[in-house]
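One structure below.
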Amino acid sequence: MNVISTQAPAIDKATRIFHFIADNGGSTYTQIYQGLSLPQSSTSALLASLVANGLLRQNEGKYFLGLVFYEFGNKSVAQFNIRDLAIEPLTQLRDKTNLTCHLGILDGNSAIYLVKVDSPNAITIKSWLGKRLSLHCSGLGKVLLAWLPEEQVDILLPDEDLPAHTNTTITTRTAFKTQLAKVRQNGWAFDDGEDYEGITCIAVPVFDRNGRVIAAISASGVTFQMPKDKIDLLASYVIEAANQLSAKMKF
């Protein structure tokens, strides 16, 4: 995951260190500061502070993630009950559409699946919990970005040129922002095989009590399961499911 730079550089550096160790396992001081191109002096002090606070542990000259992350992870899962709340509307949506339905959130610079309810059809799309999706070519990504401030979109998509995954992928940030305006106007997003050839998706935002987009619900399938003359009807079903979950999140 790419770490977004903020006005708290010490936290940014610590976050980069956490991701480095998570990706590379136990790492020495030299490996960390060289691998991340960090200043030696400030890195030494930062590592010492992270060890003192239990966020890292040190053993035989190497740094490892502290067990406090395990505790945080368990508490985060327990507190983030949107997954449990999403099961009922997702299941109802699956039953109405016969499509594979997901709940996803924005995680760093990608969208990620938190919940999946499988289609009953023999032909299904390949997806899994924890799967990451590109923001510019997925229905979930479009919805999760559409209500963000433009400057945050620019941070998440720093380049004007966007990678093409299929012939229908939007390949410039300018064109993508035009698409985001349409998503806000319509209230839902459509992925017309932009990430994977022949796979389509409709996605709708989930709002919290403050009107912020905190997640998105989607229905996905192969192209023949989502014919153009039924897209509006299918979108209405996804909107209904997302509204149900949004209502639950306001209590």
> Are any of the residues in the stretch 141-160 surrounded by 13 or more Cβ atoms within 10 Å (Cβ to Cβ), aromatic (Phe, Trp, Tyr) and touching a residue at least 12 places away in the same chain (Cβ under 8 Å)?
Replying inline: yes
> Mind checking which pairs have a first residue in the stretch 37-49 that is under 11 Å from residue 17 (Cα atoms) and a second that is open to solvent by less than 50 Å² (accessible area, probe 1.4 Å) and assigned to a loop (DSSP other than H, G, I, E, B), Cβ under 9 Å, 6 or more apart or different chains?
Replying inline: 43/36; 46/38
> If you go through the stretch 94-106 one residue at a time, do you hit one that is open to solvent by 70 Å² or more (accessible area, probe 1.4 Å) and either in contact with a strand residue (DSSP E or B) (Cβ under 7 Å, 6 or more places away or on another chain) or free of Cβ contacts under 8 Å to residues at least 60 places away in the same chain (or both)?
Replying inline: yes
>> The conditions are (1) touching a Ser or Thr at 6+ places or on another chain (Cβ under 8 Å); (2) modelled with pLDDT under 95, and residue 122 fails exactly one of them. Which is it?
In response: (1)
>> For the condition under 21 Å from residue 199 (Cα atoms) and of a type in the set (Lys, Arg), what is the one hit in 96, 62?
In response: 96
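Could you grab me the full set of residues in the stretch 178-225 that are basic (Lys, Arg) and surrounded by 18 or more Cβ atoms within 10 Å (Cβ to Cβ)? I'd like the intermediate steps shown before the answer.
Initially, the stretch 178-225 is screened for residues basic (Lys, Arg), giving 182, 184, 209, 212.
None - no residue of the stretch 178-225 is basic (Lys, Arg) and surrounded by 18 or more Cβ atoms within 10 Å (Cβ to Cβ), so the list stays empty.
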> Exactly one of (1) surrounded by fewer than 18 Cβ atoms within 10 Å (Cβ to Cβ); (2) within 17 Å of residue 222 (Cβ to Cβ) is unmet by residue 116. Its number?
Replying inline: (1)
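Can you tell me how many residues within the stretch 142-152 are at pLDDT 95 or above and touching a helix residue (DSSP H, G or I) at 6+ places or on another chain (Cβ under 9 Å)? Before the answer, list the steps.
Of all residues in the stretch 142-152, those at pLDDT 95 or above come to 142-147.
Imposing the further condition that a residue be touching a helix residue (DSSP H, G or I) at 6+ places or on another chain (Cβ under 9 Å) reduces the set to 142-143, 145-147.
Qualifying residue count for the region: 5.
The values are calculated or read from the model by the stated rules, or taken from the named source; none is laboratory data. Just so you know, these numbers come straight off a predicted model, no measurement behind them. So basically every Cβ, Gly included, is an ideal-geometry build from the backbone, and we count neighbours across all protein chains shown. Note: accessible area is taken over every heavy atom of the protein model, side chains too, but ligands, DNA and RNA are not part of it. Shrake-Rupley method; radii C 1.70, N 1.55, O 1.52, S 1.80 Å.
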